[in-house]
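To keep things clear, I will list the structure first and then write my remarks on it.
The values are calculated or read from the model by the stated rules, or taken from the named source; none is laboratory data. Keep in mind the model is a prediction, meaning the values are calculated, not measured. Cβ placement follows ideal geometry from the backbone for every residue including glycine, while neighbour counts extend to all protein chains displayed.
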Amino acid sequence: MPTLSPSSLLSQSPYQTYVYSYPHKTAYRPLQARSLSEIWSTEKRDALFLYIHIPFCEMRCGFCNLFTTVNHNDEFVNQYVKTVQRQAHRIKAALGKVQFARFALGGGTPTQLPIAALEAVLDVAEETMGAKLAEIPISVEVSPETATIEKLQLLRDRHVDRISIGVQSFIDQEVLATQRRQTSTQVQAALMRIRNLGFPTLNLDLIYGLPGQTIETWLHSIRTALQFQPEEIYLYPLYVRPLTGLGLSDREWDDSRLACYRVGRALLQAEGYTQVSMRMFRANHTPATSSPVYCCQADGMVGLGCGARSYTRSLHYSNEYAVNAKEVRHILEHYVTREDADFDTASYGFALNREEQQRRFLLLSLLSNEGLSVAHYRDRFHSNLLADFPKLQQLLDWHLASLQADLLLLTEAGIERSDAIGPWLFSYQVHSLMTQYTLK
Ligand SMILES: C[S@@+](CC[C@H](N)C(=O)[O-])C[C@H]1O[C@@H](n2cnc3c(N)ncnc32)[C@H](O)[C@@H]1O
Ligand code: SF4
C-alpha cells in the first residue's frame, strides 16, 4: 500500500496503485442497509451510466484481479442471467423515471456468454432498464477467442459502438507467460472481424512490464496494434497483485516499465494519438459522439450483476468482492439465490462525506487531460481548491503539475507518476481502510 508522507511521492516507485475510481473497492465495508429508492430519490437521474457485469472468463490470466470465474457451466450462466433480470426489475422500480446516457457491458468477458444469454442481457438493458440502445454510446469488453462473428454481429445489430479488446501483447511467449491462452494469429483474426463489422470505436489494451518483454518487442506490439487503426489504445503497466498467479521478481522492473511507457507514449503521439491519461490514448480521427455530455465526476452509475458497483454522489455500493476462485464462486452462488426483495437495498459500500466527494472530483479530474478547473470546483463545492487541499501546492512546487489559467494539469513528469500521485491524494480514512482490507 502507498505511504502518505509528502516526500515519499518523489522517492517511491511510480507504480503504487491504479486509480480509476475513488474510493477504491477495498475501502468498501458492510453498511446499515438502506433502501435504493431512498438513496436515489435525491439524485439527478437524467444522464446515468448503466453498467452490467458478466463475471465469466475462458481463462484466469495471471495478472488479473477482477471479479470473475472460469468455473461455470451453461446452467449456472443461465441462472446468473435470470438473476440479473430479477435484479434489474427491482432496481428499475426503485429508480423510477430515469434516462441513461451511456451503457457498458464489462467483466470478466461478456462475450463468454452463449449468444442467447448475451442477447438476454442486452434486452435487460433495453427493455427492463429502458436504456435507448440506438441513441447512446455502448461499450462491450471482449476477448479475442470469444469475439466470434455471430456475437460481434449481434452487438453491432444492437447498436454497440465501442468494442474493447484485451490483447496485452502480440508476442505469443509474453502472453503465455501470464497464463493467458491466446495467440497473435487469433488476436489479429478477431481484430479483422471487429474492423470488418464497422464498429466506430475499437479500443485495444496492451501491457508493458511483462516477463521477457523488451523495448523492441513492446514497440512491435504497439506497431502491430496500429495496423488496425484503433480509435483508442490503453497502455497498462503490469501490476502483480496478491492472489493472482504471476510471481515476478521486481528487480529493475520500475525502470523498464518507465522506459516502455516513454517510448510507447512517444510512438503513439507521433502517430497522431492524444494522451488522455497515463494509460489512455485517443486517435485524433476518433468520431465525436452526439450523445448527452457525460461527466464522470458528477453523474451516477447504476451497476447490475454480481461484482458491479453503483455510484450516487454520496454513496458508492456493491456486493462483496473477492479474487480467490473459491470466494468468487461462493459470492456468485449467494447472488443467484438471493430473494427479489434483497435487491431493494444497499448494504455494502462507502458513504462519501463532503470531503470525500471533493477528493473524488479532484482525483478524477487531475488524473485525466481534462485537468482540474479551480472555478468548476468552486461552483460545485463553494470552496477554494488550494485552501481545501494545500498538498496540491507541492505538486506545483515539484513541477508535477502546472496551473494554466484556471486549470491545474499534470505535467509530463506528473502524468507518468499518476499511479503515485493518485494514492498520495487519498484521504487518511480511505488509505487506512484499504490497508486494513484482507483480500479474499
Ligand atoms: C477489464 S480488464 C479485462 C478485459 C477482458 N476481459 C480481456 O481480458 O480481454 C481490462 C484491461 O486491464 C488490463 N489489466 C488488468 N489487470 C492488469 C494488471 N494486473 N496489470 C496491468 N494491466 C492489467 C489488461 O490490459 C486488460 O485487458
Ligand atoms: S484479464 Fe480478462 S480474460 Fe483474463 S481473467 Fe481478467 S477479465 Fe478474464
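Suppose we keep only residues that are surrounded by fewer than 18 Cβ atoms within 10 Å (Cβ to Cβ) and under 22 Å from G300 (Cβ atoms) within the range 46-85. Which one would you say is nearest to ligand 2 (Cβ to nearest atom)? Result: Q85. The combined condition, being within 14 Å of ligand 1 (Cβ to nearest atom), modelled with pLDDT of 95 or more and out of contact with any Asp or Glu (no Cβ under 9 Å at 6 or more places or on another chain), is not fulfilled by V121. Residue-level analysis places V84 outside the set of residues that are assigned to a loop (DSSP other than H, G, I, E, B) and either without any contact (Cβ under 8 Å) to a residue 24 or more places away in the chain or among the β-branched types (V, I, T) (or both).
When the residues of the range 123-143 are filtered to those that are β-branched (V, I, T) and within 21 Å of the chain's Cα centre (by Cα), the one that is farthest from H53 (Cα to Cα) is I136. Yes or no: the range 239-254 includes at least one residue that is closer than 30 Å to E119 by Cβ and not polar (S, T, N, Q). Looking through the range 239-254, none of the residues is closer than 30 Å to E119 by Cβ and not polar (S, T, N, Q). Looking only at residues of the range 157-210 that are of a type in the set (D, E) and outside any helix (DSSP H, G or I), we find that the one that is nearest to ligand 2 (Cβ to nearest atom) is D205. What number of residues within the range 183-219 satisfy the criterion of being on the phi > 0 side of the Ramachandran plot and either touching a residue at least 60 places away in the same chain (Cβ under 8 Å) or in contact with a helix residue (DSSP H, G or I) (Cβ under 6 Å, 6 or more places away or on another chain) (or both)? Residues flagged as on the phi > 0 side of the Ramachandran plot and either touching a residue at least 60 places away in the same chain (Cβ under 8 Å) or in contact with a helix residue (DSSP H, G or I) (Cβ under 6 Å, 6 or more places away or on another chain) (or both) within the range 183-219 amount to 2. For the range 212-258, the set of residues classified as out of contact with any Ser or Thr (no Cβ under 7 Å at 6 or more places or on another chain), among the hydroxyl-bearing types (S, T, Y) and at pLDDT 80 or above consists of T214, T217, T224, Y234, Y236, Y239, S256, listed by residue number. When you scan the range 144-156, how many residues do you find that are under 21 Å from the mean Cα position of the chain (by Cα) and either assigned to a helix (DSSP H, G or I) or crowded, with 21+ Cβ neighbours inside 10 Å (or both)? Of the residues in that region, 3 qualify. Take E141 and tell me if it is at pLDDT 95 or above, out of contact with any Asp or Glu (no Cβ under 6 Å at 6 or more places or on another chain) and surrounded by fewer than 19 Cβ atoms within 10 Å (Cβ to Cβ). So E141 does not fit the description; no.
Does the range 72-81 contain any residue that is closer than 24 Å to L238 by Cα, within 16 Å of ligand 1 (Cβ to nearest atom) and touching a Phe, Trp or Tyr at 6+ places or on another chain (Cβ under 8 Å)? The answer is no, given that none of the residues of the range 72-81 is closer than 24 Å to L238 by Cα, within 16 Å of ligand 1 (Cβ to nearest atom) and touching a Phe, Trp or Tyr at 6+ places or on another chain (Cβ under 8 Å). What do you reckon, is I163 assigned by TED's automatic domain parsing to the domain that holds P211, in contact with a Phe, Trp or Tyr (Cβ under 7 Å, 6 or more places away or on another chain) and without any contact (Cβ under 8 Å) to a residue 40 or more places away in the chain? Taking the combined requirement at face value, the residue does not satisfy it. Scanning the range 352-359 turns up no residue that is surrounded by fewer than 19 Cβ atoms within 10 Å (Cβ to Cβ), modelled with pLDDT of 95 or more and of a type in the set (A, V, I, L, M). Of all the criteria given as (1) surrounded by 17 or more Cβ atoms within 10 Å (Cβ to Cβ); (2) within 14 Å of Q87 (Cβ to Cβ); (3) in contact with a Lys or Arg (Cβ under 7 Å, 6 or more places away or on another chain); (4) not aromatic (F, W, Y), the one not satisfied by D340 is (1). Among the residues of the range 35-81, those identified as of a type in the set (A, V, I, L, M) and not in a loop (DSSP other than H, G, I, E, B) are L36, I39, L48, L50, I52, I54, V77, V81.
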